[in-house]
Amino acid sequence: MAAGSRPGAAVLAAVSAGGAVGAAARYGVSEAIPGGAVPWATLVANLTGCLLMGVLLEALERRPAHPLLRPFLGTGVLGGYTTFSTYAVGVHALLEAGRTGLALGYLVGTALGAVVAVQVGAVLVRAASPAGRAGRATGGGR
Amino acid sequence: MTLLLVCVGAALGAPARFLTDRAVQARFGTRFPWGTLTVNVVGSLLLGTLLGAAEQLALPPALVAGVGTGFCGALTTYSTFGGETVALARRGDGVLAAGNVVLSVAATVAAASVGFVLGRAL
């Protein structure tokens with residue numbers, strides 16, 4: 001789909017349905033993991049979501065997929081499963097409670113952890129791929 | 001019941017993110033992920049406002065679940081932020097990648113804080 005063209009109803013439906021599935025999973029994680037000083041449930045959802053995003057993006061670079069797969073799984077499910085707003089509000093709450101060190105640790109830990117998790121996901125797919133050299137179209141170095 | 005409201009909110013929030021991202025990209029290009037930054041800042045502002053208002057007013061928990069956990073949660077995304085940051089770094093744009101992290105984190109936390117102030121003033 002060219003940039004600027006109108007997205008089809010099927011794509012919007014896939015994003016919407018995926019978003020509902022992902023948010024339901026995030027809600028499940030928040031029910032399963034008790035809240036404490038650190039918002040562990042949000043941290044777990046965001047980092048596992050980034051790991052899966054790394055897996056998905058690397059896999060999509062390696063083989064053709066149905067055009068609705070990325071909107072559903074990437075934009076929808078993983079987008080709905082992870083959240084930036086709850087993270088930002090969590091940092092704010094820690095700062096307001098005077099727990100500045102914990103706030104900074106949570107802030108930096110999630111951000112760095114997210115980048116590492118995406119990379120780990122990509123490495124896992126590369127390691128599992130039979131043709132390990134069937135590589136990326138872009139990017140010079142590692 | 002709460003789960004259903006979360007799903008309904010997210011079923012609206014995720015396509016709102018998708019459409020906003022596309023609109024922002026169409027206007028500002030794709031060199032920097034302005035679209036994801038936009039939804040993350042707006043969603044953080046909304047969630048802060050909602051939770052600030054919930055401290056003052058007796059908002060029904062169902063509303064907070066549907067609009068907060070569902071809509072704001074799905075309007076914003078950490079996984080796309082992570083994916084786009086790594087893509088920038090792989091492309092050799094390390095400065096843009098670092099800038100995306102710093103800008104996203106600073107702007108969303110500031111937006112959440114402003115939201116709380118606004119919400120508590122309601």
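How high is the relative contact order of chain A, given as a whole-number percent (alpha carbon pairs under 8 Å, six or more residues apart)?
35
Just from the alpha-carbon atoms, what are the Rg and Dmax of the range B:55-122 in angstroms?
16.1, 50
Of the candidates B:Leu75, B:Leu37, B:Leu51, which one comes out as most mobile in a Gaussian network treatment of chain B with C-alpha springs shorter than 10 Å?
Between B:Leu75, B:Leu37, B:Leu51, it is B:Leu51 that shows the largest mean-square fluctuation.
Give the share of C-alpha pairs in each 10 angstrom bin for the range B:1-105, from 0 to the last occupied bin, in whole percents, shortest bins first.
16, 40, 28, 14, 3, 0
With a 10 Å cut-off between alpha carbons and a GNM built on chain B, which of B:Val67, B:Val109, B:Val39 moves the most?
It is B:Val109.
Please identify every one of the trypsin sites (Lys or Arg not before Pro) in the range A:1-106 that sits in a loop by DSSP and has no more than 15 other beta carbons within 10 Å of its own beta carbon.
A:Arg99
Across peptide A:68-81, what mean number of C-beta atoms from other chains lies inside 10 Å of a residue's C-beta?
Mean number of neighbouring Cβ atoms from other chains: 5.
For the residue pair A:Val120 and A:Leu60, what label-to-label distance in nm results when each label sits 7 Å from Cα along the Cα-to-beta-carbon direction?
Computed distance between label sites A:Val120 and A:Leu60 equals 2.2 nm.
What is the mean number of Cβ atoms from other protein chains located within 10 Å of the Cβ atom of each residue in peptide B:46-57, rounded to a whole number? Mind showing how you got there, number by number?
On the way: counts 1, 8, 5, 0, 2, 5, 2, 0, 0, 0, 0, 0.
That works out to 2 on average.
How shielded is B:92-103 by partner chains, expressed as the average number of their Cβ atoms within 10 Å of its Cβ atoms?
1
Name the most mobile residue of B:Ala106, B:Ala65, B:Ala14, meaning the one with the largest mean-square fluctuation, in a Gaussian network model of chain B with Cα contacts below 10 Å.
Looking only at B:Ala106, B:Ala65, B:Ala14, the biggest GNM fluctuation is shown by B:Ala106.
Any chance you could give the angle, 0 to 90 degrees and rounded to 10, that helix A:85-96 forms with the longest Cα principal axis of chain A?
So the inclination is approximately 20 degrees.
Using helices alone, I'd like the mean residue ellipticity at 222 nm for chain A: each DSSP H run of four-plus residues gives -39500 (n - 2.57), total over residue count, nearest 500.
It comes out at -21500 deg cm²/dmol, rounded to the nearest 500.
Can you give the relative contact order of chain B as a percent, counting alpha carbon pairs under 8 Å and 6+ residues apart?
41
Normalise the Cα radius of gyration of the protein assembly as shown by 2.2 N^0.38 Å (N = residues in it) and let me know the number. Walk me through the intermediate numbers first.
Working: Rg = 17.8 Å, N = 264, 2.2 N^0.38 = 18.3 Å.
Ratio of Rg to 2.2 N^0.38 Å for the protein assembly as shown: 0.97.
Just to confirm the number: angle between the C-alpha axis of helix B:94-121 and the first principal axis of chain B, 0 to 90 degrees, nearest 10?
The answer is roughly 20 degrees.
Could you put B:Val95, A:Val118 in order, starting from the residue whose Cβ has the fewest other Cβ atoms within 10 Å?
If I rank by nearby Cβ atoms, fewest first, I get B:Val95, A:Val118.
Compute the acute angle (0 to 90°) between the alpha-carbon long axis of helix B:79-90 and the principal axis of greatest extent of the alpha-carbon atoms of chain B; round to the nearest 10°.
10
No value in this document is a laboratory result; all are computed from the given coordinates. This structure is a prediction, so every number in the text was calculated from the model and none was measured. With ideal geometry, Cβ positions are generated from the backbone for all residues, glycine too; neighbour counts draw on all protein chains shown.
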